[in-house]
Structure formats: C-alpha cells, structure tokens
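First comes the structure, then the notes that go with it.
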Amino acid sequence: MQKKQKESETKKGITLFQENMPKSSKEVNKRKNMVEKKTDKEKKSFMIKLVLIGDGAVGKTSIRRKYLGEGFVKEHLATLGADFAVKETTIDGDSIKFQIWDIAGQEFFKRVRSRFYRGCFGALAIFDLTRRETFTNLSTWLEELYQNNGRGVIPVIILGNKSDLPNQEVSEEEIAKFVDDLNKKTKEKGVENFFLKTSAKTGVNIDKAFAIIGNYIVKKFEDE
Ligand code: G3D
Ligand code: MG
C-alpha cells in the first residue's frame, strides 16, 4: 500500500518524511534540525539521508539488505521508483538515523531524479568490480548526484562491490586513483571522498562503508 508522502524541509535542507516516521521521531523532527542536543550535552542525534547510486545489478539492493539486517522500516515509494529504509546506529556515542534510498528497478526517470536526490548528505556510489563499464559510469552518477541534491558537491564513498568473485576487472590502484582525482576536484568545496571494496555476499566492509561515510558527514555538518 502506498502512503502519500508529505515532505518538509528544515533550514538545513534535510528531507523529513513525516508520515513514514514513527510517532516519536515525528514529534522530535518537528522541533529539530539535523543536530539535536540531548540532555546529556556530550551526545547528539543525527538524521542523515543517504542515496545508493550506480548501474543496474551492481549490488545496491543487496548492500542495503546486508546492512539493514532485521528490524528496519521500509517503504516503497512508487512515484519515485525508490525504496526507502531507516536504520538507527551509534557512531562515537552519537545516535545516527540513516535514511537510505535505493533506486528500485532500472527505471529511473529524469523527472523524479531531483526528488530522489534532494536533501541527501552523501552517497554510496556502487560499481561491480567484475564489470568495468559500471566503474566507467561512476562519473555520470556523481554528476547527477551533485546536480540534484540541492547542496552541490557532497561526500561519497565509492564501493567496488562483488569482491568475492574471481573475475575482477578493476584494480584497487585504479579505484584509488579515481578517488584521488575526485578528491582534488572536491577539495575546494571542503569535501572528501572514500572508497572500499565490498561484498554483499560475504558482508565484507558493508558496515564499515556506512560507518565511514556516516562518521565523516556527522563531523562535517556538525560544525556548520
Ligand atoms: P542492484 O540493486 O544494484 O540492481 P542487486 O543489484 O542487489 O539486485 O544485485 C544484482 C545481482 O548481483 C544479484 O544476483 C545479487 O545477488 C548479486 N550480488 C550483489 N552483490 C553481490 C556480491 O557482493 N557478490 C556476489 N557474488 N553477487 C552479488 P541475482 O542472481 O540474484 O540477480
Ligand atoms: Mg536494486
């Protein structure tokens, strides 16, 4: 069943889906921006929208499923052709809620792109280590991300997925060079990018990927 989505944005630009939120979060988010000071001043809680991008069949949905495991909220946003899930975790004692958006199917029309990306703080840009063209296409995905999220250049973790398979077509050095070149371009915007080789099959580096990008985003936007 589709629920009608009602979007609202705080001044920090985070997209909140009020109707999909549990009541407690709903109330909290009405009052708060991304950073919520708790009674214990050391601790904060963050809501971070992340998008999973990359060509079809690179493993976006598998990575999301592996990371989320049990007990997550999930909605299918048919009008956007996207799946939406929330995961709560802790980074350095801070409470983090990841809103994870995943393109459902391969139909991803231009007219909905800005809504899919809008308000996200970062992305996991995924390619398949066994299909070189999915690596080559990353630049196009990144352009699209930058153009549509509303904030311009934002941090990305590049994931070379399917590291468990034997027929690897992209080396670690090439990925490192790609990210190095990207960092040279995004540095002037104060944005750093990362990379990891992952396997949604074995689970290697999946949690780490979310931790790295989450950690970086928290530190970066905390100071703003
Ligand atoms: P997408 O969401 O990016 O389109 P999917 O990709 O998550 O649907 O994955 C596409 C196929 O790749 C699936 O195979 C999935 O099981 C497989 N896959 C995803 N990640 C990995 C990985 O790390 N290692 C291996 N070996 N396979 C992976 P099927 O056959 O189900 O279509
Ligand atoms: Mg998918």
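The values are calculated or read from the model by the stated rules, or taken from the named source; none is laboratory data. Predicted model only: the values in this text are computed from it and were never measured. Cβ sites come from the backbone with ideal geometry, for glycine too, and all protein chains shown count toward neighbours. Protein only, heavy atoms only, side chains kept; ligands, DNA and RNA dropped before computing areas. Shrake-Rupley method; radii C 1.70, N 1.55, O 1.52, S 1.80 Å.
What is the antiparallel percent of DSSP beta bridges lying wholly in the range 90-224, to the nearest 5? The partial results should precede the final answer.
Details: 2 of 13 bridges.
Given both bridge residues lie in the range 90-224, the antiparallel proportion sits at roughly 15 percent.
Given H placed on each backbone N at 1.01 Å, which residues far from residue 158 in sequence or on other chains put an amide H within less than 5 Å of it?
Amide H to amide H, under 5 Å and 5 or more residues apart or across chains, residue 158 pairs with 125, 194, 195, 196.
What length, rounded to one decimal in nm, is gained on full extension from residue 57 through to residue 42, with 0.36 nm per residue of separation minus their alpha-carbon distance?
Details: separation 15, 0.36 × 15 = 5.40 nm, distance 4.15 nm.
Gain on stretching residue 57 to residue 42: 1.2 nm.
Modelled label-to-label distance, residue 187 and residue 208, 7 Å Cα→beta-carbon offset: nm?
2.5 nm
Just to confirm, what accessible area per residue do you get for the range 108-155 at 1.4 Å probe, in whole Å²?
Values: 1960 Å² over 48 residues.
I get 41 Å² per residue for the range 108-155.
Consider all pairwise Cα distances in the range 55-175 and report the whole-number % of them above 21 Å. Walk me through the intermediate numbers first.
Values: 3102 of 7260 pairs.
Roughly 43 percent, rounded to a whole number.
Only residues of the range 186-203 count here: report those whose backbone N is under 14 Å from the spot 7 Å along Cα→Cβ of residue 176, or say none.
Only 195-197 fall inside the zone, counting backbone N under 14 Å.
Please list 3J(HN,Hα) in residue order for the range 202-207, calculated via the Karplus relation 6.51 cos²θ - 1.76 cosθ + 1.60 where θ = phi - 60°; whole Hz, with x for glycine and proline.
8, x, 5, 6, 5, 4
For the range 129-142, take each phi angle, set θ = phi - 60°, evaluate the Karplus expression 6.51 cos²θ - 1.76 cosθ + 1.60, and give the result in whole Hz per residue in order, putting x for glycine and proline.
Whole-Hz 3J(HN,Hα) from phi for the range 129-142: 4, 9, 9, 4, 4, 6, 6, 4, 6, 4, 4, 5, 4, 5.
Quick one: which residues, 5 or more positions from residue 46 or on another chain, have an amide H under 5 Å from its amide H? H modelled 1.01 Å from N in the peptide plane, none for Pro or chain starts.
Hits under the 5 Å cutoff: 95, 96, 97.
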